[in-house]
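The values are calculated or read from the model by the stated rules, or taken from the named source; none is laboratory data. As the structure is a computational prediction, the values presented were derived from the model and not from experiment. No Cβ is skipped: glycine too gets one built from the backbone with ideal geometry, and neighbour counts run over all protein chains shown. Side chains included, ligands, DNA and RNA excluded: accessible areas come from the protein's heavy atoms. Shrake-Rupley method; radii C 1.70, N 1.55, O 1.52, S 1.80 Å.
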Amino acid sequence: MSEQASFDADLMQQWEMTVDRLAVHAERWHGRREIVGRLADGQIARTNWAALAQRARQVTAVLVAHGIPMGTRIGTLAMNSIRHVETWYGVMGHGAVCHTLNPRLFDDQLIYMINHAEDRWIFADPAFRSQVERLLPHCPTVEKVIYLGEPGEAGVLPATATDYETLIADADPAMARWGHFSERTPAALCYTSGTTGNPKGVQYSHRSQMLHTLISGQRDFLGLSARDTLLSVVPMFHVNAWGLPYIAAAAGSKLVLPGARLDGASVYELLETEGVTFTAAVPTVWQLLFDFLSENKLKLTTLKRVAIGGSACTDALVRGFRDGHGVEVLHAWGMTEMSPIGTISGPLPPSLGDPDESTRMAYNLKQGRVPFGVDLKITSEEGVRQPHDGITPGHIKVSGPAILERYFRDDKSAVDAEGFFDTGDIGTVDPHGYLQITDRSKDLIKSGGEWISSVEIENIASGHPKALMAAVIAMPHPKWRERPMLVVKLRPGQTATAAEFHDFLKGKIANWWMPDEVTFVDEMPLGATGKLDKKVLRARFTTTHP
Ligand code: AMP
């Protein structure tokens, strides 16, 4: 080699960033750290990182024995459990792609996803057996179903199905050869809910998953420690549980998996009995927990930090956790296409000095700042970058090594000339670098050529003492084109008038933002990941209000 060539060469080790390294790291260096899971019957199962890695290798060994090639999509239809985490590391360690399916979706959506992904095997919770059997006749690529339970837990099975324990019983972990492929190999697949048209697949590579682990694991973001106990309430089918089973393995945290029971009482029990210090989920889960805590006058005694994301975190939740229980709230924004972390509002930066209580709250309710590894710009309709003045809204576009470049099985690039992906969200960025989401571009209310933020009105209206949930939707208007309508679900036993809500909003929003109508509903439509489904509300009210 010439002298020049040896300078130019990469002289560092070829250490491919494959996710099996996380399992191996946790096994070797945190092997006795516990992993706890709630079973279908409510009992608690216990294992540790060392045992989990060995059983994940057994899953890989089974895939090897059945001649499943790398790159094959293997579906899972399951809640967060020890067996589900074993399956995910076992599938990815083999170089196959773990396709986490959301059991709360409608059959036709699941059928579309399974067929589009051409899943060959599906690992499913025994509780979902009847759902699986409804899907299978429409999913010709699926050869085998494995029920994630004890022998017999899913009942008597047909020849094409087996139970997990029987499947791996004789598998030799030594047959699994992890980490012999490129870090660019696909590892996982998730579909976005698909607000219009068919769902779209986001295929993550080993490299992107590993970098997301390092990016979101930074101290001011999800950063976990070996001393943390993590309860992953957010399901693995919701963007790989926001990467938490990876971050926990990297940090050597204790991992707690809640199974199917996400009601307030069950979540509370795990938080307290397992000594949970960190947890994460969408706002609706925390609302259920708070209802349970206040009904039973209970306190959270071990929890230190909670990540809330997936939809906007409310004032009431921040106050509930922080003032009621001394828990720090990390308000996170992101999406399936971002693996998912985009921004987090956690500890305030020194540039904010020592802010008073209302400023502190205002910053906690913003979506926060980007970690290293995510770049973000806001642009006008024409693609021109907007100032970071905290006032001018723009289309939020993002770039980074854990952000999608194109959808699965789609030839078109999804990024602009600068390599940024359009999130479909609208927001402002302030001089301290804080992003605030003001809307989804499709939910924006365009009144007389100006934008009204549905999210901002919802945040304020949901702070009304009688309100449990609030939604603002655009109603067609002959003069202004669109005007806001406020839809409220009241707390149990409450009654209220439109005037009470108008009075409450007065002075807190611009006059021309004031909803023309206030309507009360018994139930808010929630989508498959627990988020408010405004499509359903819009369809309902635009037809009832000609
Ligand atoms: P999903 O890919 O299903 O996780 O949905 C991503 C979308 O959820 C984002 O594009 C946002 O519109 C919304 N979202 C996620 N987190 C937040 C948040 N903290 N505040 C407001 N909207 C959010």
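Might you let me know whether the range 182-203 holds any residue that is assigned to a helix (DSSP H, G or I), closer than 20 Å to Leu22 by Cα and not assigned by TED's automatic domain parsing to the domain that holds Arg409? No, because not a single residue in the range 182-203 is assigned to a helix (DSSP H, G or I), closer than 20 Å to Leu22 by Cα and not assigned by TED's automatic domain parsing to the domain that holds Arg409. In the condition set (1) within 15 Å of the ligand (Cβ to nearest atom); (2) within 28 Å of Pro476 (Cβ to Cβ); (3) among the hydrophobic types (A, V, I, L, M, F, W, C), Ala461 is compliant with all but (1). Under the condition of being assigned to a helix (DSSP H, G or I) and at pLDDT 95 or above, the residues counted in the range 1-57 number 19. Is it true that some residue in the range 179-194 is on the phi < 0 side of the Ramachandran plot, more than 16 Å from the ligand (Cβ to nearest atom), at pLDDT below 95 and not polar (S, T, N, Q)? Yes; the residues of the range 179-194 include at least one that is on the phi < 0 side of the Ramachandran plot, more than 16 Å from the ligand (Cβ to nearest atom), at pLDDT below 95 and not polar (S, T, N, Q).
Here is a list: Val318, Val327. Which entry is closer than 25 Å to Val276 by Cα, open to solvent by less than 10 Å² (accessible area, probe 1.4 Å) and more than 15 Å from the ligand (Cβ to nearest atom)?
Details: Val318 fails: more than 15 Å from the ligand (Cβ to nearest atom).
From the options Val318, Val327, the qualifying one is Val327.
In this structure, does Asp163 turn out to be closer than 27 Å to Arg21 by Cα, modelled with pLDDT of 95 or more and assigned by TED's automatic domain parsing to the domain that holds Gln54? For Asp163, the condition - closer than 27 Å to Arg21 by Cα, modelled with pLDDT of 95 or more and assigned by TED's automatic domain parsing to the domain that holds Gln54 - is not met. Which one is farthest from Phe421 (Cα to Cα), of the residues in the range 334-363 that are open to solvent by 20 Å² or more (accessible area, probe 1.4 Å) and within 14 Å of the ligand (Cβ to nearest atom)? Checked the range 334-363; the qualifying residue farthest from Phe421 (Cα to Cα) is Tyr363.
Here the condition is being outside any loop (DSSP other than H, G, I, E, B), over 27 Å from Thr192 (Cβ atoms), open to solvent by 40 Å² or more (accessible area, probe 1.4 Å) and more than 16 Å from the ligand (Cβ to nearest atom); of Ala499, Ala539, it holds for Ala499 alone.
Can you report the number of residues in the range 395-426 which are open to solvent by less than 20 Å² (accessible area, probe 1.4 Å) and more than 14 Å from the ligand (Cβ to nearest atom)?
First, pick out the residues of the range 395-426 that are open to solvent by less than 20 Å² (accessible area, probe 1.4 Å): 396, 398, 402, 404, 420-421, 423-426.
Narrowing the set further to residues that are more than 14 Å from the ligand (Cβ to nearest atom) leaves 420.
Count: 1.
Restricted to the range 441-451, and to residues that are crowded, with 16+ Cβ neighbours inside 10 Å and within 16 Å of the ligand (Cβ to nearest atom), which residue is nearest to Met514 (Cα to Cα)? Give the derivation first.
Here is the first cut: in the range 441-451, the residues crowded, with 16+ Cβ neighbours inside 10 Å are 443-445, 447.
Narrowing the set further to residues that are within 16 Å of the ligand (Cβ to nearest atom) leaves 443-445.
On the way: Asp443: 16, Leu444: 14, Ile445: 12 Å.
Here the answer is Ile445.
Among the residues of this structure, Thr392 counts as one that is open to solvent by 20 Å² or more (accessible area, probe 1.4 Å), outside any helix (DSSP H, G or I) and either in the same structural domain as Cys190 (by TED's automatic domain parsing) or of a type in the set (Val, Ile, Thr) (or both). When the range 225-246 is filtered for residues that are touching a His at 6+ places or on another chain (Cβ under 9 Å) and closer than 15 Å to Pro103 by Cβ, only Met236 remains.
Within the range 322-343, the residues that satisfy the criterion of being without any contact (Cβ under 8 Å) to a residue 60 or more places away in the chain and under 30 Å from Gln209 (Cα atoms) are Val327, Glu328, Val329, His331.
Being free of Cβ contacts under 8 Å to residues at least 60 places away in the same chain, of a type in the set (A, V, I, L, M) and within 16 Å of the ligand (Cβ to nearest atom), is that true of even one residue in the range 234-249? Within the range 234-249 (the criterion being free of Cβ contacts under 8 Å to residues at least 60 places away in the same chain, of a type in the set (A, V, I, L, M) and within 16 Å of the ligand (Cβ to nearest atom)), the answer is yes, since at least one residue qualifies.
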